[in-house]
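The values are calculated or read from the model by the stated rules, or taken from the named source; none is laboratory data. Since the model is a prediction, treat every value here as computed from it, not as a measurement. Cβ coordinates were reconstructed from backbone atoms using ideal geometry, including for glycine residues, and neighbour counts include every protein chain displayed.
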Amino acid sequence: MKKKFLDLGIQPIANSFLPKNTKKILNKEFFYNLSVSYNKKNCLVSVTNPVNPKIQYTDKYAHRASESVTMREAFNKTAKSLKIKFNPKKILEIGSNDGVFIKNFPSKKIIAVEPCKNLANITKKKFKTYPEFWNKKLAKKIFKNFGKIDVIFSANTISHIPNLKETFDAIFYSLAENGVFVIEDPSLFEVIRSNSYDQFYDEHVYVFSSLAMKNIVNEFKLRLFDAEKIHTHGGSMRYYICKKNSKYKISSRLINIIKNEKKYGLNKLSTFKKFSKRVKKSKDDLIDLLKKLKNRGKKIISYGATYKSTTVFNYCNIDKKYFDYVVDTTLNKQGKFTPGKHIPVISPEIGFDSSVDYAFLGAWNFKKEILKKEKLYLNRGGKFITHVPKVKVLTKYNA
Ligand code: JHZ
């Protein structure tokens, strides 16, 4: 049933920033073939051969969701809206990262699940945090201590779990009769529309459409009753899911979203094949531009050591001959080397200085926040490069 439509080549684990670039460490680096497939039966788009989660979500996990103002504000707003909409007494978050969402609730109301122990350690002092993978066994343990849940929230996590049956069976078990499961994940519609192929990496096992989400949850005695477009991570979707027989009515907003997704062709393999051609062009355009700039002696760096950049660097074969280094505010990425291409990561205070001519927006999803912060750089003639939706140089005049 699955048809492969995109091959992004040999890739490392997107979060495996290396502590050193010594031979011994490089020899142990894990690589796999990243390709993406479409399943005609349920319209689901997924990584063809997912990586074992046990090697991805370790106590070295790099991403900190609190690192951007945009995300801190977005989660604060989401928490407020969930309180108003559902007035939950018991809340559970799956994939709580560094606590950016849960900290908007009193600790007696919310519990967290976070398999990366370094992250769970951050939140466990204030919030009950289970340092485990989400599954039925854990759901039963939580039920014993906490009872049935009114709102289960999960942002940028459900797309990361290969076993959908285990995930949704555990959700069905944990939800109160009229409980709601709220998922936020990058939107397939936006990925295809904006050619952001770098949303595909080992962790993004699935990039959901509403169409696929509706089909999937139906298989597990659940029902998608609403969906909402949100601006985070370059365009995401918030899904509202309930038990099949619960009180919620299907929203007209959801009906329209699904209608538009069908109109756009998210239920046709041909749409994804065309996307694949555009991805190849994006790679060629980016390499052409970088070659031209290097021939003119320009200094280029990358801004934001994102997991998405792991896909771009490894697919386009971008290494130190193009980018001197990557700047990133995350302390535990600084002093390390990017997965696969081994470009050094340093702090923006050290690296984002007047010697930089061009900065590739690895964190293009925070373009607005970054351009606002880096006005001085643009004003002195510094330029950004983005590849989303098309390869383009951004100056103070067109940014
Ligand atoms: P950001 C991660 O992907 C991994 P990544 C994960 N799989 C996922 O789904 C998404 O997040 C949600 C830095 N930065 O959020 C901070 C600056 O240096 O796009 C971050 O390291 N300066 C869970 O890694 C990175 O950029 C800044 O001004 O693709 C952004 O990473 C800003 C705003 C950010 O996610």
So if I check each of Lys165, Lys144, Lys148, which one is over 22 Å from Ile257 (Cβ atoms) and free of Cβ contacts under 8 Å to residues at least 12 places away in the same chain? Lys144
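Here are some residues: Phe17, Phe75, Phe30. Which one is at pLDDT 95 or above, under 17 Å from the mean Cα position of the chain (by Cα) and closer than 30 Å to Ile318 by Cα?
On the way: Phe75 fails: closer than 30 Å to Ile318 by Cα; Phe30 fails: under 17 Å from the mean Cα position of the chain (by Cα).
Result: Phe17 is the single residue among Phe17, Phe75, Phe30 that is at pLDDT 95 or above, under 17 Å from the mean Cα position of the chain (by Cα) and closer than 30 Å to Ile318 by Cα.
I'd like the residue in the range 1-27 that is among the hydrophobic types (A, V, I, L, M, F, W, C) and surrounded by fewer than 15 Cβ atoms within 10 Å (Cβ to Cβ) and, out of all such residues, is farthest from the ligand (Cβ to nearest atom). Working first, answer last.
Filtering the range 1-27 down to residues among the hydrophobic types (A, V, I, L, M, F, W, C) leaves 1, 5-6, 8, 10, 13-14, 17-18, 25-26.
So of that shortlist, the ones also surrounded by fewer than 15 Cβ atoms within 10 Å (Cβ to Cβ) come out as 1, 10, 25-26.
On the way: Met1: 26, Ile10: 19, Ile25: 21, Leu26: 22 Å.
Going through the qualifying residues, I end up with Met1.
Going through the range 217-240 one residue at a time, which ones are away from the ligand (no atom under 16 Å from the Cβ) and of a type in the set (D, E, K, R)? Walk me through it before giving the result.
Initially, the range 217-240 is screened for residues away from the ligand (no atom under 16 Å from the Cβ), giving 217-229, 240.
Those that are away from the ligand (no atom under 16 Å from the Cβ) and of a type in the set (D, E, K, R): Glu219, Lys221, Arg223, Asp226, Glu228, Lys229.
Is it the case that Phe225 is aromatic (Phe, Trp, Tyr) and touching a Gly at 6+ places or on another chain (Cβ under 9 Å)?
In short, no.
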Do you know which of the residues in the range 186-206 that are among the aliphatic types (A, V, I, L, M) and in contact with a Phe, Trp or Tyr (Cβ under 7 Å, 6 or more places away or on another chain) is nearest to Arg253 (Cα to Cα)? Leu188
Pairs only if they're at least six apart or on different chains, beta carbon under 9 angstrom, first in the range 286-300 and more than 17 Å from His387 (Cβ to Cβ), second aliphatic (A, V, I, L, M) and in a loop (DSSP other than H, G, I, E, B); list them, first residue then second. Lys299/Val356
Just the residues that are surrounded by 13 or more Cβ atoms within 10 Å (Cβ to Cβ) and part of a helix (DSSP H, G or I), please, taken from the range 122-140. Ile122, Thr123, Lys136, Leu138, Ala139
Which pairs turn up if I take residues in the range 66-80 that are closer than 19 Å to Thr123 by Cα and look for partners that are at pLDDT below 95 and more than 11 Å from the ligand (Cβ to nearest atom) with beta carbon separation below 6 Å, at least 6 apart in sequence or on another chain? none
Scan the range 58-88 for residues that are more than 25 Å from Phe133 (Cα to Cα) and of a type in the set (Ser, Thr, Tyr) and jot them down. Ser68, Thr70, Ser81
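If you go through the range 352-373, how many residues are within 16 Å of the ligand (Cβ to nearest atom) and under 17 Å from Phe323 (Cβ atoms)?
Let us first name the residues in the range 352-373 that are within 16 Å of the ligand (Cβ to nearest atom), namely 352-353, 356, 359-373.
Still in the list and also under 17 Å from Phe323 (Cβ atoms): 352-353, 356, 359-364, 370.
Here the count works out to 10.
Residues are listed down the side, and each one gets a yes or a no for (1) of a type outside the set (S, T, N, Q); (2) surrounded by fewer than 19 Cβ atoms within 10 Å (Cβ to Cβ); (3) on the phi < 0 side of the Ramachandran plot; (4) more than 25 Å from the chain's Cα centre (by Cα):
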position	(1), (2), (3), (4)
Arg296	yes, yes, yes, yes
Gly304	yes, no, no, no
Asn317	no, yes, no, no
Gln334	no, no, yes, no
Ser354	no, yes, yes, yes
Leu376	yes, yes, yes, yes
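What residue, of Asn156, Asn218, Asn195, Asn178, is surrounded by fewer than 23 Cβ atoms within 10 Å (Cβ to Cβ) and free of Cβ contacts under 8 Å to residues at least 60 places away in the same chain?
Working: Asn156 fails: free of Cβ contacts under 8 Å to residues at least 60 places away in the same chain; Asn195 fails: free of Cβ contacts under 8 Å to residues at least 60 places away in the same chain; Asn178 fails: free of Cβ contacts under 8 Å to residues at least 60 places away in the same chain.
It is Asn218.
From the set of residues in the range 154-182 that are part of a strand (DSSP E or B) and among the β-branched types (Val, Ile, Thr), which is nearest to the ligand (Cβ to nearest atom)?
Just the residues of the range 154-182 that are part of a strand (DSSP E or B), to begin with: 154-155, 175-182.
Those still in the list that are among the β-branched types (Val, Ile, Thr) too: 180, 182.
Details: Val180: 22, Val182: 16 Å.
Out of the qualifying residues, it is Val182.
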Could you grab the pairs with beta carbons closer than 6 Å, sequence gap of 6+ or different chains, first residue in the range 355-366 and in contact (Cβ under 8 Å) with a residue 60 or more places away in the chain, second one outside any loop (DSSP other than H, G, I, E, B) and among the small types (Gly, Ala, Ser)? Phe360/Ser302; Gly362/Ser302; Gly362/Ser309; Asn365/Gly234
Answer yes or no as to whether Val100 is over 30 Å from Thr48 (Cβ atoms) and assigned to a strand (DSSP E or B). no
Leu290, sole failed condition from (1) under 29 Å from Phe31 (Cα atoms); (2) over 23 Å from the mean Cα position of the chain (by Cα); (3) surrounded by fewer than 20 Cβ atoms within 10 Å (Cβ to Cβ): (3)
Among the residues of the range 270-282, are any loosely packed, with under 12 Cβ neighbours inside 10 Å, under 24 Å from the mean Cα position of the chain (by Cα) and without any contact (Cβ under 8 Å) to a residue 12 or more places away in the chain? yes
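For the range 183-216, what are the residues that are within 13 Å of the ligand (Cβ to nearest atom), in a loop (DSSP other than H, G, I, E, B) and either within 20 Å of Asn314 (Cβ to Cβ) or more than 12 Å from the chain's Cα centre (by Cα) (or both)? Even if it seems obvious, please write down each step before you answer.
Start the filter on the range 183-216 by keeping residues that are within 13 Å of the ligand (Cβ to nearest atom), which leaves 183-187, 191, 196-208.
Filter once more, so that each one left must be in a loop (DSSP other than H, G, I, E, B): 187, 196, 200-205, 208.
Passing the criteria: Ser196, Phe200, Tyr201, Asp202, Glu203, His204, Val205.
Would you please name the residue that is farthest from Val180 (Cα to Cα), looking only at residues in the range 28-83 that are assigned to a helix (DSSP H, G or I), among the β-branched types (Val, Ile, Thr) and within 14 Å of the ligand (Cβ to nearest atom)? Spell out how you get there, then give the answer.
Initial filter on the range 28-83 (assigned to a helix (DSSP H, G or I)): 53-56, 65-67, 69-83.
Checking which are among the β-branched types (Val, Ile, Thr) leaves us with 55, 69-70, 78.
Pick out the ones that are also within 14 Å of the ligand (Cβ to nearest atom) and you get 69-70, 78.
On the way: Val69: 27, Thr70: 25, Thr78: 14 Å.
Top of the filtered list is Val69.
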